[in-house]
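Structure first, commentary second.
The values are calculated or read from the model by the stated rules, or taken from the named source; none is laboratory data. Only a predicted model underlies this, so the values are computations on that prediction, with no experimental measurement involved. A quick note on method: Cβ atoms are made from the backbone with ideal geometry, for glycine too, and the neighbour counts reach across all protein chains shown. Only protein heavy atoms, including side chains, enter the accessible area calculation; ligands, DNA and RNA are left aside. Shrake-Rupley method; radii C 1.70, N 1.55, O 1.52, S 1.80 Å.
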Amino acid sequence: MTEYIVLSAILFTIGAVGVLTRRNALVVFMCVELMLNACNLALVTFAKQHGNLDGQIAAFFVMVVAAAEVVVGLAIIMTIFRTRRSASVDDASLLKY
Amino acid sequence: MLSLSEEIPLVEPTGADGAFSLLWLVIALPLAGAAILLIGGALFPQALKVWGHVLGTLLPIGSFVISLVLFVQLMGREEGDRQVVQHLYDFIQVGDLDVGMDLLYDPLTSLFLLLITGVGSLIHVYSIGYMEHDERRPRFFGYLNLFVAAMLLLVMSENYLGLFIGWEGVGLASYLLIGFWQHKHSAAAAAKKAFVINRVGDMGLSTAIMLAFVTFGSTSFTVISASAGAAEQHVMTAFGLLLLLGACGKSAQVPLQAWLLDAMEGPTPVSALIHAATMVTAGVYLIVRSNFIFELTDTAQTVVVIVATVTLLWGAIIGCAKDDIKKALAGSTMSQIGYMMLGAGLGTAGYAFAIFHLLTHGFFKANMFLGAGSVMHGMNDDVDMRHYGALRKMLPVTFFTFAIGYLAIIGVPPFSGFWSKDKIIETALVENPVVGICALLGAGITGFYMTRLMLMTFFTKERWEKGVHPHESPKLMTIPLMVLAALSALGGFLLAGDWIVGWLEPVVGHAEHHEPPLPVIVITLITIGVVAIGVAAAFVLVGQREVPREAPQDVSFATRAARADLYGDAINDGLVVGPSRQLTSGLVTFDRSVVDGLFSGGATVVAGVGILLRRVQNGFVRSYAVSILAGVLLVVLALLAVNLA
């Protein structure tokens, strides 16, 4: 079991580092997905370990929410790209003090 | 002390019946006049210009007629039965507290009713002539009627609360009338000054009323006179001193005397009615009416005597230096009220003489004030005696009547003032030689300043302004002068056979006769001698010299002090006005710096922190992500720490 959890942690860390370091919105988005899936892996692993379905149900919820989020997120990224000809998250910094 | 209380007569009135059921009408008539003249002034001003003054004069005369009828009725009763009370309506009923609007009619009140309505009516008649050319004459009469109604309530109420309403009413009327010519800044300021200084006295009276509520559960004279003997000594002393404070304010006694001289800014009939004959004597009434309290407290009585003695000299000294004829008379009024207060402070032996002097003073001082008004009328409203001189030929009636008032006030027998002042001096000498000698000295100074006033006005050389043509006043003004002069001359007969002493006995009690240290005739002769010295001094200092038209400036310190009202205003400024201004500005500074600083300072700190913190919202998504990650790590570490610990 530990291997799965370690793998999940590694994937999550890769995703988190990606979110923090990459500027391209699409890559950041993919890293977010990576983090979500790392969580899913952990949930499923724990479900197997405990012998019940709670974790698996949670994983399904995460997938559903992620799908919806992808739809909205990609639409926003596309709109921003159309108006600014850029997909860099650092360029979209107007909403501030 | 308690053994004395048996001698203090109780207030035990019987119900009003027969003619006495008209008691309420005495107040109602002038009150109706005030309502019609003051409210009607806005509704039908033209009609009031024609008959407003007639209405305003007839109503007090009506009150006078009723007072006269009531007086005769009261004379017809048995001596023990001369207290009548009329219940008008329930005024305040809360819990145990039950204050009725009750009118008390007894020998003391009866004399006051005659004085107020009698002298008041004469002054109303006089005012018709005096105020003839004034645009606002109906309003003037409205105020005068309001004053008469309030003063009548003051002396007729059966409890302190009703008295207080009248007390405040006369204060209001006095304020309105001093400031009647409000376009003059000095008049408006004088009105305000009178009002404010009176507030200090009123505070004393209202506190006394509260004390009465607490101590006796009532403010009725009947209840208090019955239970005063059982109350504690220090409560009675406090009660007496608080009443004295009220009396000092209303009667212009030291230390609340400063307003009276400025009050002369009002029209002269007002000075005669309110600031000489009636209102300013309310303090004397208050003390005589409260005799059942003052008889139980030696301390308060002593303080009354001290205040009175200081005031009678204070006022007399001021009167010596004033060139304004009305202010000289005002100083004299202050001094004469000092005599009355002295009589009232001497206890049972003096009450009747205080009231006697109050009545005679009401006659001769009203007479002289109206005479001064008549002189001013003939001199184009000039009040400076240095511009008068030799007016006796021009104003013969005014001169003659004024002279009778003069003889009365300095105490020449057989004029009224002689009888009343002599009795007070005699009683004072019996009680306390020092006070008696001060009173004697005051009589001498009275002789001086009144002779000075007479000489400067009616004798010496003509010093008139150019274009002034002195002339006698119209009949409407001289007839009241003649009536008052007759009363000033004959008022002394009230004392014939000790009538007034016997008449007031049911109210103030019977005085044990004490032999004075010297035979009465000797005291009388000494008094006349002292007065003669004062008169002679005035003849030498004023009559034998040229009176300069401008007041000389290189005068002694005493004269300068007297001209400045013995620095009464400076003392008030230094002791009260200055410190309270400093206190106020200190409080304002404290409020602005400390209190406001606390609140606005807190707000400034929060705003500053906000300005710093908003930098966190920099718009870079990745920096937000770092904050979230940091937060998550913190939570995880905290959970681990808790679980592993």
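Does B:Ser580 meet the test of being among the hydroxyl-bearing types (Ser, Thr, Tyr), part of a helix (DSSP H, G or I), open to solvent by less than 60 Å² (accessible area, probe 1.4 Å) and not assigned by TED's automatic domain parsing to the domain that holds B:Lys461? Yes. For the stretch B:227-281, the set of residues classified as of a type in the set (S, T, N, Q) and either in a loop (DSSP other than H, G, I, E, B) or crowded, with 24+ Cβ neighbours inside 10 Å (or both) consists of B:Ser251, B:Gln253, B:Gln257, B:Thr268, B:Ser271, B:Thr278, B:Thr281, listed by residue number.
If you filter the stretch B:606-645 down to residues that are β-branched (Val, Ile, Thr), under 30 Å from A:Leu94 (Cβ atoms) and open to solvent by 100 Å² or more (accessible area, probe 1.4 Å), you find that the one that is farthest from the other protein chains (Cβ to nearest Cβ) is B:Val606. When the stretch A:59-97 is filtered for residues that are away from chain B (no Cβ under 14 Å), among the aliphatic types (A, V, I, L, M) and more than 23 Å from A:Thr45 (Cβ to Cβ), the ones remaining, listed by number, are A:Ala68, A:Val70, A:Val71, A:Val72, A:Leu74, A:Ala75, A:Met78. The numbered conditions (1) open to solvent by 60 Å² or more (accessible area, probe 1.4 Å); (2) of a type outside the set (A, V, I, L, M, F, W, C); (3) more than 12 Å from chain B (Cβ to nearest Cβ); (4) more than 20 Å from the chain's Cα centre (by Cα) are all true for A:Asn37 except (4). Quick check on my filter: what residues within the stretch B:61-87 are part of a helix (DSSP H, G or I) and over 21 Å from B:Asp102 (Cα atoms)? If the condition is that a residue be part of a helix (DSSP H, G or I) and over 21 Å from B:Asp102 (Cα atoms), then B:Ile61, B:Gly62, B:Val65, B:Val72, B:Met75, B:Glu79 are the ones that fit.
Each row is one residue, and each column tells you yes or no for (1) touching a strand residue (DSSP E or B) at 6+ places or on another chain (Cβ under 9 Å); (2) buried (at least 19 other Cβ atoms within 10 Å of the Cβ); (3) in the same structural domain as B:Ala316 (by TED's automatic domain parsing); (4) farther than 30 Å from B:Met156 by Cβ.
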site	(1), (2), (3), (4)
B:Lys423	no, yes, yes, no
B:Asn432	no, no, yes, yes
B:Tyr449	no, yes, yes, yes
B:Leu453	no, yes, yes, yes
B:Leu481	no, yes, yes, no
B:Phe493	no, no, yes, no
B:Glu515	no, no, yes, yes
B:Ile523	no, yes, yes, yes
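Taking interchain pairs and intrachain pairs at least six residues apart, which have beta carbon atoms under 6 angstrom, with the first residue in the stretch A:14-28 and facing another protein chain (nearest Cβ under 10 Å) and the second surrounded by 17 or more Cβ atoms within 10 Å (Cβ to Cβ) and not hydrophobic (A, V, I, L, M, F, W, C)? From the stretch A:14-28, the pairs are A:Val28/A:Arg22. Sub-8 Å Cβ pairs linking a first residue in the stretch B:144-172 that is without any contact (Cβ under 8 Å) to a residue 24 or more places away in the chain to a second residue that is outside any helix (DSSP H, G or I) and open to solvent by less than 10 Å² (accessible area, probe 1.4 Å), at least 6 apart or interchain, are B:Ile165/B:Ser157; B:Gly166/B:Ser157, ordered by first then second residue.
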